[in-house]
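Peer 1: Just dropping this structure here.
The values are calculated or read from the model by the stated rules, or taken from the named source; none is laboratory data. Just so it is clear, the model here is predicted, and its values are computed rather than measured. Neighbour counts are summed over all protein chains in view; Cβ atoms, including those assigned to glycine, are modelled from backbone coordinates with ideal geometry.
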Amino acid sequence: MCGIVGYIGNKDAYDILIKGLHRLEYRGYDSAGVALMQDDGKLNGYKSRGKVADLEAFCQAKDISGRAGIAHTRWATHGEPNDVNAHPHFSASKNIALVHNGTIENYNVLKEALQLQGCTFKSDTDTEVLVQLIEYIKTTNKCSLIEAVREALKEVIGAYAIAVLDTQYPDQIIAARKSSPLVIGIGKDEFFLASDATPIIEYTDKVVYLNDDEIAIIQRGKELKIITIDNVQTTVDIHTLRMSVSQLEKGGYPHFMLKEIFEQPRTIHDCIRGRIGNTGSKVTLSGVLENRDKFLNAHRIIIVACGTSWHAGLIGKRLIQEIARIPVEVEYASEFRYSNPVLTPDDIVIAISQSGETADTLAAIKMARKCGAFVYGVCNVVGSSIARATDSGTYIHVGPEIGVASTKAFTGQVTVLTMLALAIGQLRGTVKEKEAVEITDALRSLPKLIRQALKLNDDIERLSGIYTYVHNFLYLGRGYNYPSALEGALKLKEISYIHAEGYPAAEMKHGPIALIDHELPTVVIAPNDELHEKIISNIQQVKARGGSVIAIVTKGDKTIAEIADHILEIPDVPETISPVIVSIPLQLLAYHIAVKKGCNVDMPRNLAKSVTVE
Ligand code: AGP
């Protein structure tokens with residue numbers, strides 16, 4: 001939800017920190033701040049409401065020297081977005097600065113205890129309680145910073161990724177994590193710290209992923225040292241990053257979201273590569289092969305996810321039930337984690353998450369494993385918390401997704417779920433060769449088919465001008481494309497702030513049709529599939545009540561062309577992979593309407609790319 005960055009080495013820290021904050025701004029952007037440590041122990045801190053650019057303006061003509069520093073871009077959890085609640089937060093003596101991503105659930109109890117000891121607070125945040133607690137312990141116990149941090153974190157209930165500076169130790173940054181992500185970059189005589197690898201990759205590809213309850217002692221000129229909250233030294237596992245800086249740039253596009261929409265022919269190619277051959281119907285997923293018995297003996301699959309990933313899960317349900325003939329339930333992770341589910345070792349839980357850091361999904365995984373279920377991850381970010389918390393899994397390999405609205409990750413998730421259904425079906429002998437050939441041929445042709453669908457961009461840009469200022473939208477779909485309707489509605493509302501609802505098309509007559517009038521446009525997903533006749537009558541029901549209809553149809557569909565107000569033609573594809581193709585016009589429609597409305601497409605208000613708190 002928030003982004004934190006740190007640097008200690010022989011360069012000026014300020015520029016590195018600010019550039020890092022820009023890379024993390026998609027995680028949260030209502031306020032930002034930086035703390036800079038000079039070699040003599042002088043500590044300066046600057047913070048302001050607004051985006052990172054506002055912080056840069058605020059830092060003009062300030063003393064921004066220092067070869068060590070920490071910085072933060074915020075998505076408010078406790079305390080409104082303003083200058084006082086912005087991070088870094090300082091201890092009473094101003095000798096300790098701290099930035100935090102996460103939520104301290106027992107902060108009120110800790111705050112009251114500190115107030116009884118005479119501590120006073122400037123902000124409404126949980127984070128200030130932590131930095132004050134660290135100083136209180138350090139002063140009271142006359143101990144080192146690392147000892148004070150360790151003892152303070154033992155008192156904390158909740159999630160945190162923190163970085164701490166102390167004027168007593170100007171050559172040191174202390175970092176720690178529990179449930180919120182933290183990556184340490186190891187450079188030549190310098191260290192980097194960030195909520196994910198994107199601020200680090202341009203300096204080094206050697207990284208360490210901090211684990212829960214670990215504390216890192218990052219000392220200029222010394223080897224990285226990691227201990228547990230119980231003061232047990234742990235090994236430093238160094239990983240090599242497989243991403244490039246160019247993947248983080250906009251590449252000439254006006255927004256990351258549009259770049260990522262147009263990347264999808266390549267990202268789907270990358271997602272499939274090595275998993276289905278150039279010919280034949282065999283699907284090879286190592287996560288399935290290494291756990292054959294689990295998938296052979298599974299009686300039930302439960303998919304847990306949030307948001308767009310949950311929509312992908314709904315499509316995964318249909319695919320796995322139809323192809324692998326295993327009963328599948330799909331749960332919101334936030335509901336599942338508190339539902340006291342009946343789980344058995346014959347259950348497989350599939351957790352879907354682009355970021356691999358969504359708190360509710362991570363919590364659902366931990367609970368499922370505690371109940372003995374086998375947990376399989378479908379993630380994008382390599383080495384993410386969810387990827388490391390599951391028993392096995394399949395990465396979607398679509399590269400860093402920066403735009404808050406998920407696009408290429410969604411199509412990557414659906415593609416992996418299609419291959420997963422086939423791999424399990426082939427293992428269990430439930431899929432006919434003819435069906436497997438049809439689906440794998442269609443998967444191989446996906447990049448070409450997506451390129452065809454992307455040709456709708458100019459038509460949709462023009463169409464979006466008609467619907468820029470409507471207040472409500474309805475999205476209808478059936479079968480595999482009912483989840484597509486939900487996803488199309490979510491795309492529109494999260495970046496254009498227009499209310500939109502997705503419904504199963506046949507559900508209209510049970511109430512929602514009362515909404516239809518000339519002010520309520522309806523997007524109908526109507527590819528040429530087995531329910532085509534049914535969806536035509538749904539369109540006619542909308543038109544009969546004065547509603548306008550934008551229909552996504554299979555190329556050459558003359559019937560719907562005669563009744564809909566606008567048609568968007570997509571290539572003819574098997575129903576099982578139609579959601580991938582259908583999502584292209586849905587993504588473009590949301591994008592262009594939001595741009596026409598002047599919305600911040602890559603960083604929509606109130607949202608963050610990765611929801612790492614409850
Ligand atoms: C999708 O456009 C949203 N950004 C959001 O719903 C997202 O899908 C959800 O927060 C889940 O994120 P995850 O896939 O990283 O777990």
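Peer 1: Quick one: which of Lys111, Lys62 is among the basic types (Lys, Arg) and more than 23 Å from Ile16 (Cα to Cα)?
Peer 2: Of Lys111, Lys62, the one residue that is among the basic types (Lys, Arg) and more than 23 Å from Ile16 (Cα to Cα) is Lys111.
Peer 1: Still on this structure, I have one more. Anything in segment 175-199 that is in contact (Cβ under 8 Å) with a residue 40 or more places away in the chain and either in contact with a Lys or Arg (Cβ under 9 Å, 6 or more places away or on another chain) or at positive phi (or both)? List them, or say none.
Peer 2: Hits for segment 175-199 are Ala176, Ser179, Ile186, Gly187, Asp189, Glu190, Phe191, Ala194, Ser195, Asp196, Thr198, Pro199.
Peer 1: Answer yes if at least one residue in segment 225-233 is in contact with a helix residue (DSSP H, G or I) (Cβ under 6 Å, 6 or more places away or on another chain) and not in a strand (DSSP E or B), and no otherwise.
Peer 2: There is at least one residue in segment 225-233 that is in contact with a helix residue (DSSP H, G or I) (Cβ under 6 Å, 6 or more places away or on another chain) and not in a strand (DSSP E or B).
Peer 1: So, one more: Just checking, does segment 493-511 include any residue being of a type outside the set (Lys, Arg), part of a loop (DSSP other than H, G, I, E, B), in contact with a Ser or Thr (Cβ under 9 Å, 6 or more places away or on another chain) and modelled with pLDDT under 95?
Peer 2: So far as segment 493-511 goes, no, none of its residues is of a type outside the set (Lys, Arg), part of a loop (DSSP other than H, G, I, E, B), in contact with a Ser or Thr (Cβ under 9 Å, 6 or more places away or on another chain) and modelled with pLDDT under 95.
Peer 1: Would you mind telling me which numbered condition in (1) buried (at least 16 other Cβ atoms within 10 Å of the Cβ); (2) of a type outside the set (Ser, Thr, Tyr); (3) free of Cβ contacts under 8 Å to residues at least 24 places away in the same chain; (4) outside any helix (DSSP H, G or I) Phe121 fails?
Peer 2: So the condition that Phe121 fails would be (1).
Peer 1: Within segment 384-421, can you find the residues that are away from the ligand (no atom under 13 Å from the Cβ), touching a Ser or Thr at 6+ places or on another chain (Cβ under 7 Å) and of a type in the set (A, V, I, L, M, F, W, C)?
Peer 2: Leu420
Peer 1: Considering every residue within segment 142-164, establish whether at least one is in a helix (DSSP H, G or I), free of Cβ contacts under 8 Å to residues at least 40 places away in the same chain and not hydrophobic (A, V, I, L, M, F, W, C).
Peer 2: Within segment 142-164, one or more residues are in a helix (DSSP H, G or I), free of Cβ contacts under 8 Å to residues at least 40 places away in the same chain and not hydrophobic (A, V, I, L, M, F, W, C).
Peer 1: Mind counting the residues in segment 595-613 that are in contact with a His (Cβ under 8 Å, 6 or more places away or on another chain) and either basic (Lys, Arg) or within 12 Å of the ligand (Cβ to nearest atom) (or both)?
Peer 2: Counting residues in segment 595-613 that are in contact with a His (Cβ under 8 Å, 6 or more places away or on another chain) and either basic (Lys, Arg) or within 12 Å of the ligand (Cβ to nearest atom) (or both) gives 2.
Peer 1: Of the residues that make up segment 368-376, is at least one in contact with a strand residue (DSSP E or B) (Cβ under 8 Å, 6 or more places away or on another chain) and either among the basic types (Lys, Arg) or within 14 Å of the ligand (Cβ to nearest atom) (or both)?
Peer 2: Checked against the condition, which is being in contact with a strand residue (DSSP E or B) (Cβ under 8 Å, 6 or more places away or on another chain) and either among the basic types (Lys, Arg) or within 14 Å of the ligand (Cβ to nearest atom) (or both), segment 368-376 yields at least one hit.
Peer 1: So which residues in segment 67-87 are buried (at least 24 other Cβ atoms within 10 Å of the Cβ) and touching a helix residue (DSSP H, G or I) at 6+ places or on another chain (Cβ under 8 Å), if there are any at all?
Peer 2: Passing the criteria: Ala68, Gly69, Ile70, Ala71, His72, Thr73, His87.
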